[in-house]
Amino acid sequence: MNTSLEVEYWVVDDEGDLCSPDTLLDVAEWIDPEFVEPMIEIKTSPCGSMAELREEFTERIRTVVDAACDQEKRLVPLSTPLYATPSEIPYREKRGTELQRQIVGPTFDDARVCAGTHLHFERSNVADQLNAVTAIDPAFALVNSASHYRGEHLLECARPYLYRRSCYGPCPGQGQLWSYVDSVTEWEQRLEGAYERFRERAIDRGVDPETFDDEFTPYDAVWTPVRLRKAMPTVEWRSPDAALPSQVLRLAGEVRSVVTRADERGTTVLDADSASSVLETDSSVPAADTEPTGGIDDEVPLPVFDTVEEIADTAIHEGLESERVRSYLRRFGFSPSAYDPLADRLPDARLSKRRAKRLRLEAATRLEADLDRHRVRV
């Protein structure tokens, strides 16, 4: 199953101030500008194995880190800048961004402080792939990299809260997790419904219908944690934070394993009584090297969607501190103890702008050291 990554990183200068990437965008065609100025996105090509993905991803990150060093800039693997005023995170000029601000409303501004990781899987048995990725969505807690927003300690996992609950709170069909589907047709019907509701809201807020239709299609008008990409074409999981390369790759490998099993065997949603066992604390559940719940040839069992939402909400508020979250993830074959979320290294207290700048530089140093460790292993 071809797999690819897109990771967004903040760009700072040697003082820790957010800054424009400028000519970093010219280093390679796989570097894209983001919709806010001090952020870039680094993309891989579709890779047929984790070994290939690991090698390409780390080499591309290293290329950008080296180019940034030459320009006295650094990459920061945090999901928020910790402390930033709106003037420090200006939007790039883009009509789609302006339209979203008009349609969604003031909460859309929260999206500009969010840097994340997108994981793409080649489409095959699409409904099963979608459902598997939906079920493991709380795994975003494994790479949680920031808990602060505008200097305040917000929640354990700040980015999913800001993106889902705040930014797209007025438009839940556009930005929150969708429930399981039985077919691609069902997904596309939901997509059309979400698109029409978004279009109606746009017109109610003064957007010219022709302008809206020129800018958005149904596939381009949802920013949900799990979605189908028609142009690529892939199943995309958009929930994880920006994080250290080694942590992103570990997560990619474990998620890919779940999606591969679902693609090969199919999935089945457990009834409520059976699904309740997923929530039970069971510290004896093996972490990584054994078969998750279900036999070798069985369909991959998924909890009812209400359970997924409950665990995702707990993950937002408590992260990996929650035993319920850790137990839930172990049952899918994840290894929570193998992760070291950067957010856990940050203080719980309110941050000043000066301290936030220092913490950004410390995170950039950790990213560079992470790459060096990988280079030694290779």
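Residues that are open to solvent by 10 Å² or more (accessible area, probe 1.4 Å) and among the β-branched types (Val, Ile, Thr) within region 232-274 comprise THR234, THR260, THR267, THR268, VAL269, listed in sequence order. Among residues of region 246-272 that are under 20 Å from GLU55 (Cβ atoms), those with a beta-carbon under 6 Å from a residue that is at pLDDT 95 or above and hydroxyl-bearing (Ser, Thr, Tyr) at least six positions away or on a different chain give the pairs VAL248/THR117; ARG256/THR3. Checking TYR195, TYR180 one by one, the residue that is aromatic (Phe, Trp, Tyr), touching a Phe, Trp or Tyr at 6+ places or on another chain (Cβ under 7 Å) and open to solvent by less than 40 Å² (accessible area, probe 1.4 Å) is TYR180 and no other.
Residues in region 355-374: is at least one under 30 Å from ASP128 (Cβ atoms) and of a type outside the set (Gly, Ala, Ser)? Within region 355-374, not a single residue is under 30 Å from ASP128 (Cβ atoms) and of a type outside the set (Gly, Ala, Ser).
Restricting region 204-218 to residues that are acidic (Asp, Glu) and more than 29 Å from the chain's Cα centre (by Cα), the residue that is farthest from VAL104 (Cα to Cα) is GLU210.
What about SER145, is it buried (at least 17 other Cβ atoms within 10 Å of the Cβ), farther than 27 Å from ASP263 by Cβ and in contact with a strand residue (DSSP E or B) (Cβ under 6 Å, 6 or more places away or on another chain)? The answer is yes for SER145.
Evaluation of ALA287 against the conditions (1) crowded, with 16+ Cβ neighbours inside 10 Å; (2) under 25 Å from PRO160 (Cα atoms); (3) modelled with pLDDT under 95 shows that the sole unmet condition is (1). Within region 290-336, being more than 20 Å from the chain's Cα centre (by Cα), modelled with pLDDT of 95 or more and of a type outside the set (Ser, Thr, Tyr) holds for VAL300, PRO301, LEU302, PRO303, VAL304, ASP306, GLU323, ARG324, ARG331. In summary, THR3 fulfils each of the numbered conditions (1) out of contact with any strand residue (DSSP E or B) (no Cβ under 7 Å at 6 or more places or on another chain); (2) touching a residue at least 60 places away in the same chain (Cβ under 8 Å) with the single exception of condition (1).
Among the candidates ASP22, ASP26, ASP14, ASP66, the residue that is out of contact with any helix residue (DSSP H, G or I) (no Cβ under 7 Å at 6 or more places or on another chain), of a type in the set (D, E, K, R) and at pLDDT below 95 is uniquely ASP22.
The strands (runs of 3 or more DSSP E) located wholly in region 19-138 that include 3 or more residues which are in contact with a strand residue (DSSP E or B) (Cβ under 6 Å, 6 or more places away or on another chain), in contact (Cβ under 8 Å) with a residue 40 or more places away in the chain and not basic (Lys, Arg) occupy 117-122. Let me spell it out: the conditions are (1) of a type outside the set (Lys, Arg); (2) crowded, with 19+ Cβ neighbours inside 10 Å; (3) closer than 21 Å to GLU152 by Cβ, and SER87 meets all of them except one. Which number is the exception? Result: SER87 passes all but (2).
The values are calculated or read from the model by the stated rules, or taken from the named source; none is laboratory data. Quick caveat, the model's predicted, so the values are computed rather than measured. Ideal geometry is used to build each Cβ from the backbone, glycine not excepted, and the neighbour counts take in all protein chains shown. Quick note on the areas: whole protein, heavy atoms, side chains included, nothing else; ligands and nucleic acids left out. Shrake-Rupley method; radii C 1.70, N 1.55, O 1.52, S 1.80 Å.
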